[in-house]
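Report on one structure; see the data block that follows.
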Amino acid sequence: MNVEFSDRTSKLKASEIRELLKLTQKPEVISFAGGLPAPELFPIKRIEEVTKQVLEEKGEIALQYSTTEGYAPLREIIVNERMAKNGVNTTIENILITNGSQQALEFSAKLFVNKDDVIICESPSYLGALNAFKAYEPKFVEIPMDDDGMQMDKLEEAIKNNPNTKMIYTIPDFQNPSGKTMSIERRKKLAEIGAKYKIPIIEDSPYGELIFEGKPYPCVKSFDKEGYVITLGTFSKTFCPGFRIGWVCASKEILQKYILVKQGADLQANTFTQMIAAEFMQKYSLDEHIKKIIDVYKKRRDLMLESMEKYFPKEITFTYPKGGLFTWVNLKEGIDAVDVNVDALKQNVAFVPGGSFFPNGGNKNHFRLNYSTMDEEHIVEGIKRLASVIKKYY
Ligand code: PMP
């Protein structure tokens with residue numbers, strides 16, 4: 001076959017993580033590679049019960065086409081519970097249900113970015129978003145982070161140097177991959193910068209509610225006075241990713257464009273899973289469920305970090321995330337984490353090498369570890385094995 005693909009499609013590459021996940025599916029592999037929620041925490045019995053109820057009581061609606069905007073009771077819950085908890089005062093007219101937040105990321109680039117326009121992102125940033133954006137052939141400008149997240153002076157400098165900046169992409173809470181969190185002052189500043197330069201800010205927040213100590217941070221959107229901040233939320237990490245329910249929260253003017261794009265892409269999100277999710281959240285407390293998840297992940301984070309302190313060479317640094325799913329490991333310059341990964345896989349341990357989280361390349365001496373998926377015993381064993389592999393490089 002000699003079929004010709006569009007320029008756009010020819011440039012797409014398989015996600016390194018998805019490829020890696022295939023290798024790590026073998027049962028003997030201790031995988032710190034994916035970002036999967038712990039499956040044993042899925043509320044299967046309760047979902048089974050409400051699914052039956054939805055079919056019995058509202059089956060004809062649940063299996064039918066529905067509106068592009070999404071199921072109104074679910075959007076109400078998002079407004080009154082999820083967004084409110086993050087300090088955002090909004091209405092259901094500002095919410096569109098998407099097929100996971102991944103779809104909303106793709107739509108964002110489609111809406112705002114022409115070929116060779118600039119997308120500003122954190123350095124490193126979420127690989128899945130970078131891959132989705134790449135289809136629109138942008139240039140990426142990376143902004144360094146410190147312990148308080150993206151550095152605002154560097155961001156403003158980058159905007160001034162790149163007048164064709166069309167979008168700023170941030171993951172402010174327990175960032176994937178670095179585990180870092182943006183301070184409240186910087187969130188405020190970021191909202192101000194969006195309004196000052198009239199650039200949309202895509203605030204991607206799948207992990208904000210998975211906070212191990214204290215209350216969730218206010219969203220960047222909670223400081224948004226002029227409507228330049230677009231917040232993407234999801235139930236993937238707080239409920240279950242298989243349902244593929246995410247959302248966009250934006251000003252009505254901007255949301256209207258997301259709705260048009262959604263219509264063209266797939267008409268609407270799955271009616272049935274939206275209704276099951278809404279029914280579940282009306283009957284049971286999602287907050288209580290999130291508490292259970294937090295308890296387990298916090299223990300796993302503690303155990304992973306303690307094991308790393310105990311077994312890794314002392315020169316190695318890593319982040320101490322206050323929530324979310326990931327810690328980020330810094331090896332000394334010159335070590336390629338891809339080589340370490342190949343060696344680790346021989347010992348049946350996997351992680352994601354850090355290089356692919358930097359859209360402009362370089363930075364090969366880092367890697368990302370996930371602590372949510374493996375149970376306690378496997379975390380300790382996996383870190384011990386990883387430590388013995390890494391020691392050979394020191
Ligand atoms: N954004 C970030 C930062 C993520 O880590 C993920 C999932 N790993 C997503 C978006 C996509 O999540 P979903 O489509 O399941 O909502």
Run the quick spin-label model on residue 376 and residue 1: label points 7 Å from Cα toward the beta carbon, then report their separation in nm to one decimal.
5.1
Dipole axis of the chain (+1 Lys, Arg; -1 Asp, Glu on Cβ), positive-most option in 313, 214, 123
313
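Within the chain, which is the longest segment containing none of the trypsin sites (Lys or Arg not before Pro) that sit in a DSSP loop and have at most 13 other Cβ atoms within 10 Å? Write down the numbers at each step before the final one.
On the way: sites that count: 11, 13, 115, 198, 225, 314, 332, 392.
The segment 14-114 is the longest one with no such site.
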Stretchable slack from residue 306 to residue 135, in nm (0.36 nm times residue separation minus alpha-carbon distance):
57.5 nm
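By its C-alpha gyration tensor, with a ≥ b ≥ c as the square roots of the eigenvalues, how is region 181-328 shaped: rounded for a/c under 1.5, else prolate for a/b larger than b/c, else oblate?
On the way: a/c = 2.24, a/b = 1.32, b/c = 1.70.
Oblate is the answer for region 181-328, as a/c is 1.5 or above yet b/c matches or exceeds a/b.
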Using a Gaussian network for the chain with springs between C-alpha atoms less than 10 Å apart, which of these wobbles most: 127, 74, 23?
23
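Give me the accessible area per residue for the chain, probe 1.4 Å, as a whole number in Å². Let's see the in-between values first.
Values: 17600 Å² over 394 residues.
Dividing the accessible area of the chain by its residue count gives 45 Å².
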Run the reach check for residue 346 against aspartates and glutamates, Cα to Cα strictly under 15 Å, same-chain hits fewer than 8 apart removed. What comes back?
28, 381
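Taking loop as defined by DSSP and a crowding limit of 16 other beta carbons within 10 Å, which GluC sites (Glu not before Pro) in region 318-394 fit?
Sparse-neighbourhood loop GluC sites (Glu not before Pro): 333.
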Compute the FRET efficiency between residue 253 and residue 42 as 1/(1 + (r/R0)^6), taking r as their Cβ-Cβ distance and R0 = 45 Å, and round to the nearest 0.05.
0.75
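Accessible area of the chain with a 1.4 Å probe: how many percent of it is carbon plus sulfur?
51
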What are the aspartates and glutamates whose alpha-carbon lies under 15 Å from the alpha-carbon of residue 332, with same-chain residues fewer than 8 places away excluded?
315
May I ask which residue of 337, 99, 195 lies farthest towards the positive end of the charge dipole of the chain, with charges of +1 (Lys, Arg) and -1 (Asp, Glu) on Cβ and the Cα centre as origin?
337
Distribution output for region 95-178: share of Cα-Cα pairs per 10 Å bin in percent, first bin at 0, values 18, 49, 30, 3
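Per the helix-only calculation at 222 nm, which mean residue ellipticity applies to the chain, given -39500 (n - 2.57) for every DSSP H run of n ≥ 4 and division by its residues, nearest 500 deg cm²/dmol?
On the way: 13 runs with 162 residues, N = 394.
Dividing the helical sum by the residues of the chain leaves -13000 deg cm²/dmol.
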Using Cα positions and a limit of under 15 Å, work out the aspartates and glutamates in reach of residue 11, with same-chain residues fewer than 8 apart set aside.
116, 137
Once every Cα of region 45-283 carries one equal point scatterer and solvent is ignored, give the base-10 log of I(q)/I(0) from the Debye formula at q = 0.11, 0.13, 0.15 Å⁻¹, two decimals.
-0.54, -0.75, -0.99
Tally the DSSP beta bridges in region 149-295 and give the antiparallel ones as a percent, rounded to 5.
35
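Where nothing but the Cβ of Lys and Arg (+1) and of Asp and Glu (-1) is charged, how large is the charge dipole of the chain around its Cα centre, in debye to the nearest 20? Please report the intermediate quantities before stating the final value.
Details: 53 positive and 54 negative charges, 67 e Å.
Result for the chain is approximately 320 debye, rounded to the nearest 20.
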GNM flexibility winner over the chain from 103, 25, 347 (Cα, springs under 10 Å):
25
For residue 333 and residue 63 in one chain, what is 0.36 nm times their gap in residues minus the Cα-Cα distance, to one decimal in nm?
91.7 nm
Selected from 190, 55, 105 as most flexible by GNM, with the chain as the system and alpha-carbon contacts under 10 Å:
55
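Taking the Cα centre as origin and putting +1 on Lys and Arg beta-carbons and -1 on Asp and Glu beta-carbons, what dipole magnitude results for region 1-117, to the nearest 20 debye?
On the way: 15 positive and 18 negative charges, 55 e Å.
Using Cβ point charges on Lys, Arg, Asp and Glu, region 1-117 gives about 260 debye.
The values are calculated or read from the model by the stated rules, or taken from the named source; none is laboratory data. Quick caveat, the model's predicted, so the values are computed rather than measured. Methodologically, a virtual Cβ is constructed for each residue, glycine included, from the backbone with ideal geometry; neighbour enumeration extends over all protein chains shown. Protein only, heavy atoms only, side chains kept; ligands, DNA and RNA dropped before computing areas. Shrake-Rupley method; radii C 1.70, N 1.55, O 1.52, S 1.80 Å.
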